[in-house]
Amino acid sequence: VGSEMCIRDRILRRALRSLANEKRQVIISYLILRGEASPKELSEELHMKSNDLAYHLRELVIGSVLERRIIEGEVKYRLSFFGAKLLYHMFKALEPSRAERKGHTPISLDYMYQAPLTDDIYGVYRYTEPGTIDYLLEPG
């Protein structure tokens, strides 16, 4: 059990370290909204140099946050199952409590958000591509 916990801790630390970069957070945000994208698309849409983008994509893959896939000869990146679960729980922790949502206590918003996070976070990770794992994360 001790070595198992050590491995999980290292995996989690590596994933969190890969997310602790502003450019990588921009990549993740784009992929959350888009689903998946090629390096060319990411480079053009995010205005990043290809070598800079390649470095950050590699770090996110090493951190198990993204997965690299080849579809009909084209490389695509998307959130891995682990990355989707990790981000889901990070966002879930930012949601106001049930009491706060009902108005019993004031909602304290993070400085980055203009409004509370919605309950529709589950739809973010739904992948509809046929033949792939369903990434819809159920609450609980």
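The values are calculated or read from the model by the stated rules, or taken from the named source; none is laboratory data. Everything numeric in this text was worked out from a predicted model, so none of it was measured. Quick reminder, even Gly has a Cβ in these numbers, built from the backbone with ideal geometry, and neighbours come from all protein chains shown. What goes into the accessible areas is simple: the full protein's heavy atoms, side chains included, and nothing from ligands, DNA or RNA. Shrake-Rupley method; radii C 1.70, N 1.55, O 1.52, S 1.80 Å.
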Handout entry: Flag if Leu66 is within 12 Å of the chain's Cα centre (by Cα) and within 29 Å of Arg8 (Cβ to Cβ)
Key = yes
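Quick check on this structure: which one of Leu86, Leu94 is modelled with pLDDT of 60 or more, among the hydrophobic types (A, V, I, L, M, F, W, C), within 23 Å of Ala15 (Cα to Cα) and open to solvent by 40 Å² or more (accessible area, probe 1.4 Å)? Walk me through it before giving the result.
On the way: Leu86 fails: open to solvent by 40 Å² or more (accessible area, probe 1.4 Å).
So the residue among Leu86, Leu94 that is modelled with pLDDT of 60 or more, among the hydrophobic types (A, V, I, L, M, F, W, C), within 23 Å of Ala15 (Cα to Cα) and open to solvent by 40 Å² or more (accessible area, probe 1.4 Å) is Leu94.
Search the stretch 11-26 for residues being farther than 14 Å from Ile62 by Cβ and of a type outside the set (D, E, K, R), and hand back the single one that is surrounded by the most Cβ atoms within 10 Å (Cβ to Cβ).
Within the stretch 11-26, the first condition is being farther than 14 Å from Ile62 by Cβ, and the residues that meet it are 22-23, 25-26.
If we keep only those that are of a type outside the set (D, E, K, R) too, we end up with 25-26.
On the way: Gln25: 12, Val26: 16.
The residue in question is Val26.
Name the single residue that is farthest from Lys76 (Cα to Cα) among those in the stretch 31-45 being surrounded by fewer than 16 Cβ atoms within 10 Å (Cβ to Cβ) and under 13 Å from the mean Cα position of the chain (by Cα). Step through it out loud before you land on a result.
So in the stretch 31-45, the residues surrounded by fewer than 16 Cβ atoms within 10 Å (Cβ to Cβ) come out as 33-34, 38, 40-41, 44-45.
Now drop any that are not under 13 Å from the mean Cα position of the chain (by Cα), which leaves 33-34.
Numbers: Leu33: 15, Arg34: 12 Å.
Checking each candidate, the answer is Leu33.
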Handout entry: First in the stretch 76-87 and closer than 18 Å to Arg58 by Cβ and part of a loop (DSSP other than H, G, I, E, B), second anywhere and of a type in the set (D, E, K, R) and open to solvent by 10 Å² or more (accessible area, probe 1.4 Å), Cβ under 6 Å, 6 or more apart
Key = Ser80/Glu67
Problem - Enumeration of residues in the stretch 57-71 that are open to solvent by 10 Å² or more (accessible area, probe 1.4 Å) and closer than 30 Å to Ile7 by Cβ - result: Arg58, Glu59, Val61, Ile62, Ser64, Glu67, Arg68, Arg69, Ile70
Exercise for the section: Determine if the stretch 46-58 includes at least one residue that is within 12 Å of the chain's Cα centre (by Cα), on the phi < 0 side of the Ramachandran plot and assigned to a helix (DSSP H, G or I). Expected result: no
Problem - the stretch 72-83, subset more than 10 Å from the chain's Cα centre (by Cα) and open to solvent by less than 50 Å² (accessible area, probe 1.4 Å), residue farthest from Arg24 (Cα to Cα) - result: Val75
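Checking the conditions here, which among Ile27, Ile11 is modelled with pLDDT of 95 or more and closer than 18 Å to Leu87 by Cα? Even if it seems obvious, please write down each step before you answer.
Details: Ile11 fails: modelled with pLDDT of 95 or more.
The match here is Ile27.
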